[in-house]
Amino acid sequence: MNPVNYRHSQRRVRLALYGLILLLITTAVGGALIPSPLYPETSADPAPTNAIGALTTQLGGPDLLATGVSISRAVYPGAARARAVILVPEDDWRAGLVAAALTGPPVTGPILPMPAGPMPPEAVEEIERLNPRGISGDGGIQVLAVGAVDEKVLNQIIQMGLRYRTIDGATPAELAARADHYRAILTGNHPDQVLLVPVDFPEYAMIAASWAAQSGHPILFVEGATLPLATRRALDLRPAEAFMYVFAPERILPRDVAEEMVFFGHVQRIPGDDPFEMATAFARYTDRGTVLPWWFGATPRIFGWGVSGAGHNFIFVNIDEPMHAVIASGLSSRGTHGPLLWIEEDHVPESTTEFLATTRPAGGPRPDPLMNRGWLIGNENSVTLTTRHQIHRNLRAIRPKEALIDDE
């Protein structure tokens with residue numbers, strides 16, 4: 001056989017196999033296969049819910065709960081069972097952020113945002129589909145209600161024959177401290193690494209959500225320019241000095257408050273003058289060292305995503321919809337680990353574009369085997385087709401001579 005024809009035959013076989021694999025992934029997620037053009041010249045109809053393209057997957061629905069169900073089915077497809085389902089009020093992003101640290105082991109379950117009043121039928125259907133096994137360290141609890149979940153919802157949980165537990169507090173700081181203590185009871189230890197976020201600025205606080213889900217490190221609140229008593233007590237429960245990572249610029253959390261935290265251990269501020277910059281900075285961020293949990297025996301300490309090249313998942317969320325970051329954190333708790341990157345409804349910010357440029361795989365005659373993938377959260381009103389195309393261009397492999405040719 002002619003060597004050129006043989007290579008062409010091999011290429012056709014590989015393309016057919018790739019197509020079959022993508023079709024299987026599409027079937028598992030439950031969405032429709034929507035080819036995403038590499039170099040779109042004109043706009044098209046808005047991408048439908050669960051649109052799967054070559055480098056992006058858009059998970060969304062007509063409302064917040066529908067988007068949460070869509071993400072739940074992506075993380076727990078088919079007959080996969082969660083240990084528990086986590087319910088949070090849909091209008092309380094602080095409770096949702098606290099719940100993000102519970103989505104991984106030992107709880108292991110998705111977050112479903114609950115509206116006021118009775119539980120909607122789609123939520124009932126999703127809980128029944130997940131058929132939660134129960135948290136083994138908590139008497140088989142199958143549903144966690146974090147925050148002020150409506151009493152009607154809790155009554156429905158009982159009618160469904162499920163066991164539930166509520167975690168609540170008079171203030172966000174108390175709620176966060178109680179959630180931290182609950183997880184510590186299940187694991188037998190309070191983690192040394194702690195994420196400190198501002199209670200009034202979701203655009204900064206939500207940057208911590210995906211990492212909390214992936215690592216289980218608790219989220220604690222700072223209220224204005226003070227360290228609440230509940231947060232102080234939670235920090236004091238660490239068996240050794242805490243390693244505190246602050247998600248707020250100095251104009252929001254003054255230096256004197258950060259200096260006050262030194263009493264409880266080591267403090268590091270995630271860099272970034274605005275939330276877009278901080279999200280990309282945290283995606284690059286890593287902190288390594290050792291921890292002395294008791295009076296002997298150092299253990300490794302690794303904190304942060306440390307993204308410095310290709311081969312990663314990224315979660316893209318509209319900065320005006322912080323609750324989407326909450327429910328999307330489940331993607332980082334199981335399977336598609338990846339940092340959150342902020343976007344705007346119809347625009348990818350410059351800092352996000354510049355960061356993605358540093359992670360693009362190499363193309364050309366010797367392509368990089370590693371690829372990137374973007375998870376876009378929300379429907380076409382949250383992430384427009386124009387934005388999706390911009391993200392696609394920033395994720396794809398670098399073409400030969402791309403530096404000399406403007407492909408847009």
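Just so it is clear, none of the values below were taken in a lab; they were calculated from the coordinates. Because the structure is a prediction, the values reported are computed rather than measured. With ideal geometry, Cβ positions are generated from the backbone for all residues, glycine too; neighbour counts draw on all protein chains shown.
Couple of notes before you dig in:
- Counting only the Cα atoms, the range 81-220 fills a convex hull of 97 Å³ per residue.
- 3J(HN,Hα) couplings calculated from phi for the range 246-256 with the Karplus curve 6.51 cos²θ - 1.76 cosθ + 1.60 (θ = phi - 60°) are, in sequence order, 9, 9, 6, x, 5, 5, 9, 10, x, 4, 5 Hz; Gly and Pro show x.
- Residue-wise HN-Hα couplings along the range 130-140, as the Karplus relation 6.51 cos²θ - 1.76 cosθ + 1.60 with θ = phi - 60° gives them from phi, are 5, 6, x, 6, x, 7, 5, x, 9, x, x Hz; Gly and Pro carry x.
- Taking a ≥ b ≥ c as the square roots of the eigenvalues of the Cα gyration tensor, the range 249-345 is oblate, since a/c reaches 1.5 or more and a/b is not larger than b/c.
- Considering the range 202-273, its Cα convex hull presents a mean projected area of 4.8 nm².
- Spatial offset of the range 313-336 relative to the range 214-255 amounts to 22 Å, using the alpha carbon center of each.
- Of the trypsin sites (Lys or Arg not before Pro) found in the range 178-259, the ones in coil according to DSSP and having at most 16 other Cβ atoms within 10 Å of their Cβ are Arg251.
- Amide hydrogen neighbours beyond the local backbone of Leu341, cut-off 5 Å, H modeled: Ile315, Phe316, Val317
- Fewest-first ordering of Met114, Met261 by other beta carbons within 10 Å of each residue's beta carbon gives Met261, Met114.
- Anisotropy class assigned to the range 82-161 is oblate, per the alpha carbon gyration tensor with a/c at or over the 1.5 cut-off and a/b no larger than b/c.
- Compactness of the range 51-350 - radius of gyration and Dmax, Cα, Å: 18.4, 54
- Ile207, Ile319 arranged by Cβ crowding within 10 Å, fewest neighbours leading: Ile319, Ile207
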